[in-house]
Every structure is written in C-alpha cells, then in structure tokens.
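The next block holds one structure in the form of structure tokens; read it before the comments.
Laboratory data are not the source of any read-out in this text; all were calculated from the coordinates shown. The model shown is predicted, which means the values in this text are computed figures rather than measured ones. Every residue, glycine as well, gets a Cβ built from its backbone with ideal geometry; the counts of neighbours run over all protein chains shown.
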Amino acid sequence: TTHPHPRASERKSSAQPLRLIVLLLFTARVNTSPMLSSGCPDRCVCDDQLVVQCAGQHLTTFPVNLPLATRQLIISNNRIVELPPLALNYLSDLVYLDCSNNSLTEISESTFGNLRKLAYLDLSFNTLIHIEDRTFGPLVSLVMLRMTDNPGLSEMHQDAFVENAALQVLDVSRNNLTVVNITSLIALPALVKEDRRQGAIRFLFWQPCSLIQLYILKFGRKTRESFILK
C-alpha cells in the first residue's frame, strides 16, 4: 500500500476552500463529452465526468493513452520522474492537475505549453530544484499553484509567474528558498489584495504555520523587492 507523505494530508487542508471552488467550477462546466475515448490508462480509473484517477499506483512514468477530453487528472503518490510535454499538451481541456508526492526534478515552459484552461496545479512533495523564467507562462487560467515541500528548491526566477494574471494562491512553503524576488508578483491583480484601512497593498505569502501578510506597497510606494525567508 502506498501512503502519501506524512505531512501531505495536513498541508492539503490549508488550501481546501479555494480548491473546492475550482472543483465546483469544473463540475459546473462539464457535460459528458463524446470526445471521451473508451480506453483508459493501465492502473487508472476513468469516469464519465472526464476525471482520470491514477493516484497511488506505483507509476514511474506518466500514464499513456489518456482520453483527450480529460478535465481532471490525478497522478499523486506515485514515483513519476518526468512530465512529458508532448503527452501532457494533448490534454488541452485539462483544468485540474495533481502531481503531488512524486519524483519530479524539472519543469519548464514547454511542459505546460498547451494547458490554457488549467486552473489548479499541485507540484508539492517532489524534488524540484529551480523554477525557470516563464515556466508557468502558458497557464493563463491558473488560480492555485502549490509547490510546497520540495526540499531542493532553492531558486525561482523572478519572471516565472509574470503571465499568470489569474493566480490567487501561490504556496511555496517548506522549500529551500532563502530569497523570493517579488517584483513581478506584485503586478498580479488576483494575488495582491488592497487593504484600504491600512493604506497599503498586501501580498499574501504562505508560511508553514500561518498566512503571513507582507506589506510590500505602502501609500503607493514600493518599500522592498524581495522577502528574506526565516
């Protein structure tokens, strides 16, 4: 029996409300599609709501023969080492992708090149090392991105999220990051909230125990461009 990382289930609870919203939006839009193929990857379960469930199946490679109309793909709790761009980008209707608790070491802009409808992406509990320039650029509909518990993750390019205007939650806690350059993040309208009572703009950043409100703009003037993680 494959068990998720001992801290994975605990950390999932912090993102449940917005994750539920994403799922409700997903189910509201979905009707059974004639494009759904009759096949299904080995060791996976496919249903008529365009959900493919492959969690905890000891997979070492990305599943093949996925229905092209798949809207939700769950490949968590496996040992997958790579997300092949060619196979993944055939899934242009994908809105939900859970890759948590695998062995992913690298992702790039080409990984997600055709996933323009993707709203939820979970890359937590992997072995990512760095995030490159515009890695998530194609994901113009991305609302929630979770990259917690990647112990080797020590660098994120300042423009990795520059095109993700819809992003509302960015969770990068419990990694090896020491400095996060927020120059481009403060331009994302959904990620930055205005607090008129404080006369400031508030940037929401996830930390291990609680949500820290880091004030990066005050009275219209930027006060800092990077945040040193304790």
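Computed quantities for the displayed model
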item	result
Whether region 41-99 is rounded, prolate or oblate, judged on the alpha carbon gyration tensor where a/c under 1.5 counts as rounded	oblate
D_trans [Stokes-Einstein, Kirkwood Rh over alpha-carbon pairs] for region 64-175, 4 °C, 1.567 mPa s, µm² s⁻¹	94 µm²/s
90, 96, 120 arranged by Cβ crowding within 10 Å, fewest neighbours leading	90, 96, 120
Net charge of Cβ neighbours under 12 Å - reference residue 118; Lys, Arg +1; Asp, Glu -1	0
Rounded, prolate or oblate (a/c below 1.5 giving rounded, otherwise prolate when a/b exceeds b/c) for region 125-189 by Cα gyration tensor	prolate
11 Å beta-carbon shell around residue 106, net charge (K/R +1, D/E -1)	-2
Residue order, fewest to most surrounding Cβ atoms within 10 angstrom, among 99, 46	46, 99
Fewest-first sequence of 130, 58 by Cβ atoms within 10 Å of each Cβ	58, 130
